[in-house]
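Take a look at the structure set out below.
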Amino acid sequence: METLEQIKTKLEAAVPGARLEIIPNGSPSGPNSLLVDNEHAVAVAKFLQSSPALAFDYASNVTGVDWLDTTVKKTVKVKQMVEGVEKEVDQVLEEKKPGYLEVVYHLYSMELKHGPLVLRLRTEDRAGKARVPSLTPVWRGAEFQEREIFDLYGVTFQGHPDLRRILMWDGYQDFPMRKDYVEPDDYEYEPTAHGPVLQKAKQHQAEGGG
Amino acid sequence: MSDITVIPAELPKLQLSSPNDGGGLLEISMGPQHPSTHGVFRMDVVLDGERVVKLKPVFGYLHRNHEKIGENTTYLGSMPYTDRLDYFCSLTNNWAYASAVEKLAGLHVPERAEYIRVITAELTRLQNHASLAGFLLQDMGASGTPLMYAFREREKILDLFEALTGARMMCNYMRFGGCRCDFPAGWLQQTQQVVDNFPRFLDEFEALLNENEILMSRTQGVAAVSRELAINAGITGPMLRAAGVNYDIRKVDRYGIYDRFNFRVPLGDHGDVYDRYMVRVLEMRESVKILQQALRDIPAGPIVDPKAKLRGFRPKVGEAYGRIEAPKGELGFYLISDGSPNPYRYRVRPPSLVNLTILEDMCLGQMVADVVVILGSIDIVLGEVDR
């Protein structure tokens, strides 16, 4: 198989305007992955599938990953007037990095027997704009797995032919695989008015659990 | 009296056929307690007479969010849970998970452990395919006999698993960088005997069934899947090879030590139910070949990488995807490490779930009695579909 850099160069030539980025992987044997922007994802996928030298005809694994909002603390020296004298004072700046949901595709070629190529798509945020284009029209093997990500992570796949909940029941509200999911405490026992159980129930309700 | 008004519950909107309207559609729910669905699986089937015009699979009845449990426990803590995915093949589940963690942490597996893994995995394949063939015949109405013959053989293999791991089905046997324990005394001789006798069972089974008229007319030409559809829908395992695609991960990835063994990959021509049955029978013969070679060549030595840590196991930040050819198809584990003792992301790529993608395509236009046979030929286990 060609290296990821060669594939990236090929893709940039074939799909004009596509913004691609190589995400490094720290594990000793795992491959690096390719981050694709949402507007050009379907065109990139179609090229990967149809190009005779690449021929990624098989989408093996499709999965979601939840990355929460993070705050990075930085200490900066700032000049300030303290009691009429200019002094250097340490100031802690908090930089907020918004979280996002990620969808990871592992692609293989059954024809040329190579792979994997790891594609990543990212949503803009974890709430209203949690959307990515669906790649099910290109690889049907993604159909149930994308439905599962919609079900458990709350990512909307635009262009998916049949986007419904798959493992949880219809009418269920939450997304259990998200990192900030709060487990309900009443699915195995009824909360009763006895110390620790009641405490736990109150705490969950305060945190937004059902 | 009382002033409470009773609101009548809304009636379900089903399109029911009646004897008078001359050909309406009938919507039935097959499952989740139907005996032929191999577990708590349901199909919403719309029928025109006896022909299927629509079929939607419904699952999740056995969902316990295996992946969330995996993210809330340590790497090793998930090993016993992997047994519960495809509970027919716990040893191959163990291997797939161990191979993903070994990739993530860069662990090396000693020679003897690799041989033990091949032996246990191929024994697992034998008992899975044997019981699948038995179940398939059971679904076709051959009540009991083929299933009992298959289970008689499975019993011998489960006895071997019990002697080796202490458990018949929930083996929890492999560890990162090796296996949990070495063979007990006399185990290899016992295994050799079981493997030597297995072809006799296959001869008998094939003589009874391969050219059986009922089997042939119920399965040949039923639910044929084309090469292109099978590849595009991500079908793996015997179902893919029955459609004529030469893709066996044991040959493609050459994981473990599979490049040392001499074996062939049986392929089908038509992709119908009969081919899926035949491919599995032929695969059992190839597994016997692999087992004979592995039992002959197994070296002495350690069974676990001395560098592999059981306590305080924290892989470096990164990700890895490990996959193997499980009896049902490509079983993969995708792990992301953030440097802590628990995986940040723990994902199972279940072959049973993805193989169900084309269930509707295969069933459209078929008789409702064939739906049972078609589902049986996919080989699903609901523990893995629902996780």
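The values are calculated or read from the model by the stated rules, or taken from the named source; none is laboratory data. Just so we're clear, the structure is a prediction, and the values are computed from it rather than from any experiment. When we count neighbours, we look across all protein chains shown, and the Cβ atoms used for this are built from the backbone with ideal geometry, even at glycine. The protein model used for the area step is the full one, side chains on, heavy atoms only, and it has no ligands, DNA or RNA in it. Shrake-Rupley method; radii C 1.70, N 1.55, O 1.52, S 1.80 Å.
Quick look at the numbers
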quantity	calculated
Test item: Cα-centred dipole of the range B:38-127, Lys/Arg +1 and Asp/Glu -1 on Cβ, debye	200 debye
Partner chain coverage, peptide B:349-359 - average Cβ within 10 angstrom	4
Accessible area that becomes buried as A packs against B, both chains, 1.4 Å probe, Å², nearest 100	3700 Å²
R0 of 51 Å, Cβ-Cβ distance A:Asp162-B:His108: FRET efficiency to nearest 0.05	0.70
Cα gyration tensor shape of chain B, rounded if a/c is under 1.5, else prolate or oblate by comparing a/b with b/c	oblate
Whole-angstrom gap from the range B:328-387 to the range B:308-324, using each part's C-alpha centre	24 Å
Listed peptides A:89-102, B:347-360 by packing density, highest first (mean Cβ within 10 Å)	B:347-360, A:89-102
Top positive-direction residue, dipole computed over the protein assembly as shown with Cβ charges, set B:Ser143, A:Ala53, B:Gly39	A:Ala53
Listed residues B:Lys307, B:Lys103, B:Lys251, most fluctuating in chain B (Gaussian network, C-alpha, under 10 Å)	B:Lys307
Sum of -39500 (n - 2.57) over DSSP H runs of 4+, divided by residues of the protein assembly as shown (222 nm, nearest 500)	-11000 deg cm²/dmol
Among A:Val138, A:Val36, A:Val182, residue whose mean-square fluctuation peaks in a GNM of chain A (springs only between Cα atoms under 10 Å)	A:Val182
Theoretical gain in end-to-end length, A:Lys77 to A:Lys129 [0.36 nm per residue, Cα-Cα removed]	15.0 nm
Solvent exposure ordering (accessible area, 1.4 Å, most first) of A:His160, B:His38	B:His38, A:His160
Set of lysines with alpha-carbon distance to A:Lys46 below 26 Å, sequence-local pairs under 8 removed	A:Lys8, A:Lys10, A:Lys113, A:Lys129
Solvent-accessible area of B:Glu155 with every protein chain in place, 1.4 Å probe, in Å² to the nearest 10	80 Å²
Chain B: relative contact order as a whole-number percent, Cα under 8 Å and 6+ apart	25 percent
For chain A: relative contact order, % (alpha-carbon pairs under 8 angstrom, 6 or more apart)	16 percent
Accessible area of B:Arg51 in the full protein assembly, 1.4 Å probe (Å², nearest 10)	120 Å²
Loop chymotrypsin sites (Phe, Trp or Tyr not before Pro), the range B:247-353, which have at most 16 other Cβ atoms in a 10 Å radius of their Cβ (DSSP)	B:Phe313
Mean separation of Cα contacts under 8 Å, 6 or more apart, over the residue count of the range B:210-295: relative contact order %	34 percent
Cα gyration tensor shape of the range B:32-161, rounded if a/c is under 1.5, else prolate or oblate by comparing a/b with b/c	oblate
Candidates B:Gly322, B:Gly60, B:Gly178: whichever shows maximal mean-square fluctuation once chain B is modelled as a Gaussian network with Cα springs under 10 Å	B:Gly60
The range B:222-289 and the range A:1-27: distance between their alpha carbon centers, rounded to Å	32 Å
Within 10 Å of each Cβ in A:53-63, the average number of Cβ atoms from other chains	5
Extended-chain gain in nm, criterion 0.36 nm per residue less alpha-carbon gap, B:Gln293 and B:Asn246	14.6 nm
